[in-house]
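Step one of this worksheet: look at the structure below.
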Amino acid sequence: MKVSVIGGGVTGLACATALQEAGHEVTLFDRGTPGGAQTCSWWAGGMLAPFCEGEAAEEPVVRLGAEALAWWAARVDGVARKGSLVLAQPRDGADLRRFARRTQAHAPVDGDAIAELEPDLAGRFRQGLFFAGEGHVDPRAALAGLVARLTERGAAIRPETEIDPAEAPGDAVLDCRGFAARGEIAELRGVKGEMLVIRSPDVALSRPVRLLHPRIPLYVVPRGEGVFMVGATMVESDERTRITARAMLELLGAAYALHPAFAEAEVLEIGVDVRPAFPDNLPRVLREGRVLRVNGTYRHGFLLAPALAAQAASLLDTPDARPEFLHVPHRERCPA
């Protein structure tokens with residue numbers, strides 16, 4: 001089957017990969033550069049941390065996200081399997097206990113264990129949780145890896161091409177445009193995320209570290225060579241161009257609270273973009289004739305894209321399939 005995939009973010013690239021692996025002839029269209037800076041995925045944390053996300057996310061995020069680490073490791077280089085570390089200041093002990101109750105697959109760590117996992121944090125924290133089964137990936141390298149894999153295996157890549165899904169060629173079309181598809185998907189909403197990329201050669205971390213915060217989930221993710229991603233806010237807004245002063249203060253304050261040496265860090269990039277989300281914060285596959293709209297990964301793009309892609313691909317091979325994320329409009333579920 002000839003299939004057009006529209007959108008070169010993590011969802012579109014994962015869908016194109018799943019379709020290609022299933023034997024379909026894939027053409028990928030993107031209005032910019034697939035995997036490039038115009039995609040929301042460019043600004044992602046790249047944390048493959050389903051158990052940590054279980055603190056606030058729905059059950060499918062944990063269950064299906066647990067498959068993501070192996071999926072990415074089988075297809076791109078540079079996937080780190082060093083776990084995730086969640087820390088709290090002494091005054092936030094109750095928050096840490098609540099986080100532990102709401103999550104699974106973790107072990108408590110004291111100051112000595114924290115220092116063994118991350119020597120640069122020795123003496124700074126006395127309590128935390130270690131999620132050994134989690135990992136992370138550099139999102140930009142991972143996106144580039146999928147593009148390279150698709151190209152090497154014969155997919156046609158069409159950058160700088162904006163195309164209407166209804167007019168795209170092929171036997172089927174997957175619309176994976178994220179928030180750009182809001183005109184066709186009434187329930188889609190935007191959730192603004194703000195993040196920083198900083199360089200601090202005086203700090204060394206080997207895994208993502210989450211610092212519990214009363215308002216937003218803050219984390220620091222190592223990118224190598226003294227570069228770190230610090231993120232990320234969640235604001236109900238479709239404004240994607242400016243960071244707020246509050247966000248900047250909170251992000252920098254969290255980094256400083258983790259290690260004072262971050263006070264001297266160089267700010268390399270300020271990232272702002274809008275994550276596509278549905279009311280329940282779970283993704284959906286919507287079928288409209290030969291067009292499948294695959295969207296709504298919220299803050300779980302790298303975590304849920306593999307499972308979402310597999311479910312979308314199953315609909316092409318088995319039209320009567322009812323994958324978990326297939327969304328059937330109420331009027332179809334309850335005919336008159």
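Just so you know, all these numbers are worked out from the coordinates, no wet-lab data involved. All figures in this text were calculated on a predicted structure; none of them were measured in a lab. No Cβ is skipped: glycine too gets one built from the backbone with ideal geometry, and neighbour counts run over all protein chains shown.
With springs connecting C-alpha atoms under 10 Å apart, model the chain as a Gaussian network and identify which of Pro34, Pro159, Pro283 has the largest mean-square fluctuation. Of Pro34, Pro159, Pro283, the Gaussian network model singles out Pro159 as fluctuating most. The GluC sites (Glu not before Pro) of segment 226-267 that DSSP puts in a loop, and whose beta carbon has at most 10 other beta carbons within 10 Å, are Glu236. Each residue, Ala166 and Arg101, gets one label point 7 Å from its Cα in the Cβ direction; the gap between the two is 5.2 nm. Label point of Glu239 set 7 angstrom out along Cα-Cβ; within segment 182-213, amide nitrogens under 12 Å from it belong to 192. For segment 169-226, the list of GluC sites (Glu not before Pro) that fall in a loop by DSSP and count at most 12 other C-beta atoms within 10 angstrom reads Glu225. Please compute, over every Cα-Cα pair in the chain, the percentage with a separation greater than 36 angstrom. When all Cα pairs of the chain are counted, 19 percent exceed 36 Å. The 3J(HN,Hα) values that the Karplus relation (6.51, -1.76, 1.60; θ = phi - 60°) gives for segment 31-41 are, in residue order, 6, x, 10, x, x, x, 5, 7, 8, 4, 4 Hz. Gly and Pro appear as x. Any idea how far the Cα center of segment 168-184 sits from the one of segment 93-159, in Å? Comparing the Cα centres of segment 168-184 and segment 93-159, I get a distance of 31 Å.
Just checking the listed ones, Gly23, Gly224, Gly36: in the Gaussian network model of the chain with Cα springs under 10 Å, the one fluctuating most is Gly23.
Rounded to the nearest 500, the 222 nm mean residue ellipticity of the chain from helices alone is -8000 deg cm²/dmol, with -39,500 (n - 2.57) taken per DSSP H run of at least 4 residues. Once the chain from Ile270 to Ala321 is taken as fully extended at 0.36 nm per residue, the excess over their C-alpha distance is 14.1 nm.
Where nothing but the Cβ of Lys and Arg (+1) and of Asp and Glu (-1) is charged, how large is the charge dipole of the chain around its Cα centre, in debye to the nearest 20?
Dipole magnitude for the chain comes out near 500 debye.
Rounded to the nearest 5, the antiparallel percentage of DSSP beta bridges internal to the chain is 70%. Our summary gives segment 1-158 a relative contact order of 30 percent, counting only alpha carbon pairs under 8 angstrom and 6 or more residues apart.
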